[in-house]
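J.: Here it is, the structure in full.
The values are calculated or read from the model by the stated rules, or taken from the named source; none is laboratory data. Everything quoted here is computed from the prediction, not taken from an experiment. When we count neighbours, we look across all protein chains shown, and the Cβ atoms used for this are built from the backbone with ideal geometry, even at glycine.
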Amino acid sequence: MSNRFLSAETVIESLRDNGYTNTAYALAELIDNSLQATATRVEVGFIEEQLAAKKNYTVSEISLWDNGIGMDTNTLRIAMQFGGGTHRKDIKGMGKFGMGLPNSSISQCRRV
């Protein structure tokens, strides 16, 4: 019998299913992050695929580019951890709790 306080898999699924309710909110979080990183230009790209035997299309990939200061590999690893915010002492800024980037990312897909 396991004595774990939390099941990581269950917690992540719950956060994904109860987090950002639509893609626009998740993208808004990522754009906020870009602006906090001093970006003056933010671009969002979409790749659409036609559904089999239908005239409709679905978005299969979304990407976001900006000219902000960026993150090195270590900072990205920290930022993608729940609670891994790097702005804890910034009382005015976003990113204080370290939940926005990972939660907005997993709310839209199963693999980041």
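J.: Could you figure out which of (1) of a type in the set (A, V, I, L, M, F, W, C); (2) under 16 Å from S107 (Cα atoms); (3) in contact (Cβ under 8 Å) with a residue 24 or more places away in the chain isn't true of A24?
T.: (3)
J.: Test each condition in (1) of a type outside the set (S, T, N, Q); (2) at pLDDT below 85; (3) surrounded by 11 or more Cβ atoms within 10 Å (Cβ to Cβ) for K92 and report the one that comes out false.
T.: Among (1) of a type outside the set (S, T, N, Q); (2) at pLDDT below 85; (3) surrounded by 11 or more Cβ atoms within 10 Å (Cβ to Cβ), the lone unmet condition for K92 is (3).
J.: Kindly state which helices (runs of 4 or more DSSP H) lie completely within region 1-84 and contain at least 1 residues that are of a type in the set (G, A, S) and surrounded by 14 or more Cβ atoms within 10 Å (Cβ to Cβ).
T.: Ranges flagged: 23-36, 73-79.
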